[in-house]
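J.: I'd like to ask some things about the structure below.
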Amino acid sequence: MPTETVPVLETGWEPDTPDDDTVMRHGVQALSATWEAAGRVGGGRVHRDDRFSAVDFRRPTGLFNSATILGPHRDEAFVSTVDRLEQFYDGDGTGAALLWSPWPTPDLTGRGWVLQGHPPLLYRPPGAPVVPRQPEDLTVEQVTTQRELAEWCAVAVDAFPLTEVVVPSALFDPAVLADQRFRFVAGRVGGRVVAVGCQVVVGGTNVLLLSTVRPAARGRGYYAALVADRLARAPDLPSVTIVSDDSRSVLVGRFGFLAVSRFTLWERARS
């Protein structure tokens, strides 16, 4: 008798699945591509296979030494993936590594990882109108010079805060200013930068990255003004970001982002 052929069923996470197969996959691919773009322009090591994407600047970055799980794992397969991740980061450079998983993970505390929380992935469909409500005392400027980028980095490190970054100007290499995928904005009040944000356009997606306001200047609409500026620069693209719950209310309530799912975020000191 002929052997019955078992059909191959699409899971939505095969390497050749289109990035826009689902909103969830779209967000995962856009975020991992953003870390990779930052790594390449900054001279970092970049690795991607069918299980994970990982970037290593070999120095403390507070955020950019990031690995992203690219598909669902069974527990035993996840352990193998973490083995490979640890091999990638250990023995070469300094600075903590972050692991972003779109799915719940096994407990990694016994391996030296520290759970940082479950930040939500947010998605905004293209074409939605943006209604800017910029405070009168705020001026939003695009960062174009190395001096301005150094100032941007200093505010980002202090306000976020990125506590492990010792030299703020090392957060981004000045070469990033010549990369058309990246755009940095700064909000000034009385000549002083009080808010910063970045956007990265990768794979036809507008990714909002590293948005923060100095603690003393919060609650005055500055964060929302920088969000509106970056959305207005790419109105025909879907937008993706991953944020804290504090920022989620602004993005969902005022700008029409949809909360897709929560990631599991781990951090591990370099061995």
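Please treat every number below as a calculation from the coordinates, not as lab data. Note that this is a predicted model, so its numbers are computed, not measured. When we count neighbours, we look across all protein chains shown, and the Cβ atoms used for this are built from the backbone with ideal geometry, even at glycine.
J.: Ratio of the chain's C-alpha Rg to 2.2 N^0.38 Å, to two decimals? Mind dumping the intermediate values first?
T.: Details: Rg = 19.3 Å, N = 271, 2.2 N^0.38 = 18.5 Å.
Rg over 2.2 N^0.38 Å, computed on Cα atoms: 1.04.
J.: Listed highest first by mean packing, meaning other Cβ atoms within 10 Å per residue, what order do 93-101, 125-133 come in?
T.: Working: 93-101: 20.3, 125-133: 11.2.
Ranking the peptides 93-101, 125-133 by packing returns 93-101, 125-133.
J.: At most 10 other C-beta atoms within 10 Å and a DSSP loop state: those are the exposed GluC sites (Glu not before Pro) I care about. Give me the longest piece of the chain that has none. Walk me through the intermediate numbers first.
T.: Numbers: sites that count: Glu4, Glu10, Glu136.
After excluding every exposed loop site, the longest remaining stretch is 137-271.
J.: Turning to a different aspect of this structure: Give me the net charge for the shell around Thr94: Cβ to Cβ below 12 angstrom, other residues only, Lys and Arg +1, Asp and Glu -1. Write out the running numbers ahead of the final one.
T.: On the way: positive: Arg58, Arg59, Arg270; negative: Asp56, Asp90, Asp92, Glu164.
Local charge sum for Thr94: -1.
J.: Something else now. Counting Lys and Arg as +1 and Asp and Glu as -1, what is the net charge of the other residues whose Cβ lies under 10 Å from the Cβ of Gly44? Write down the numbers at each step before the final one.
T.: Values: positive: Arg40, Arg45, Arg58, Arg59; negative: Glu36, Asp56, Asp173.
Taking every other residue near Gly44 into account, the sum is +1.
J.: Could you tally the net charge around Val189, taking each other residue with its Cβ under 13 Å from the Cβ of Val189, Lys/Arg +1 and Asp/Glu -1?
T.: On the way: positive: Arg188, Arg192, Arg214, Arg218, Arg220; negative: Glu136, Asp137, Glu141.
Local net charge: +2.
J.: Starting from one equal scatterer on each C-alpha and no solvent at all, send me the Debye-based log10 I(q)/I(0) for the range 139-260 at q = 0.12, 0.18, 0.20 Å⁻¹, two decimals.
T.: With no solvent term, the Cα-only Debye profile gives -0.41, -0.97, -1.20.
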